[in-house]
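Here's the structure, in structure tokens; my notes come after.
The values are calculated or read from the model by the stated rules, or taken from the named source; none is laboratory data. Since the model is a prediction, treat every value here as computed from it, not as a measurement. Please note: Cβ atoms are built from the backbone with ideal geometry, for glycine as well, and neighbour counts cover all protein chains shown.
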Amino acid sequence: MVATWGGTGRWHHLTVGSGASGRYRRDMTTSAEQWIVRFAKELGTDPPSDDETRALLGLAGVAAHASERTAAPISCWLAARAGVDPSDGLAIGERLAAELGGDDT
């Protein structure tokens with residue numbers, strides 16, 4: 001399930017594959033930082049530093065504005081899979097967006 005905001009004050013659930021719980025709520029009390037710390041713990045790794053987080057969000061923003069929004073999380077995953085530091089991934093993303101004529105802001 002993937003939750004999407006329908007603008008009606010309610011989350012809409014779309015089935016896109018197995019494994020997602022579908023327990024998405026607009027009024028969640030878990031912050032992004034809490035989620036990231038807990039998710040990192042479950043993966044057996046450390047959460048990103050503040051600088052890494054800023055770079056990852058920057059890369060996600062560049063990818064989303066230079067292409068379709070779905071490029072954002074996949075681009076971050078690709079950088080991580082390639083072992084590229086988040087700040088280097090952001091620089092590569094900005095260069096690529098400029099080459100492709102995308103909006104890199």
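Remarks
- Within the range 7-20, not a single residue is assigned to a helix (DSSP H, G or I), at pLDDT below 95 and of a type outside the set (Ser, Thr, Tyr).
- The range 27-40, residues that are among the charged types (D, E, K, R) and either in the same structural domain as Asp88 (by TED's automatic domain parsing) or loosely packed, with under 10 Cβ neighbours inside 10 Å (or both): Asp27
- Scanning the range 62-98 for residues that are in contact (Cβ under 8 Å) with a residue 40 or more places away in the chain and not aliphatic (A, V, I, L, M) returns a single hit, His65.
- Residues in the range 49-60 that are surrounded by fewer than 17 Cβ atoms within 10 Å (Cβ to Cβ) and under 13 Å from Leu90 (Cβ atoms): Asp51, Glu52, Thr53, Arg54, Leu57.
- Within the range 70-96, the residues that satisfy the criterion of being in a helix (DSSP H, G or I) and charged (D, E, K, R) are Arg81, Asp88, Glu94, Arg95.
- Residue list for the range 54-69, restricted to those being over 13 Å from Ala80 (Cβ atoms) and either in contact with an Asp or Glu (Cβ under 6 Å, 6 or more places away or on another chain) or in a helix (DSSP H, G or I) (or both): Arg54, Leu57, Gly58, Gly61, Val62, Ala63, Ala64, His65, Ala66
- Within the range 74-105, the set of residues being at pLDDT 95 or above and on the phi > 0 side of the Ramachandran plot comprises Gly83 only.
- Residue within the range 78-92 that is surrounded by 16 or more Cβ atoms within 10 Å (Cβ to Cβ), of a type in the set (Asp, Glu) and outside the structural domain of Glu33 (by TED's automatic domain parsing) present: no
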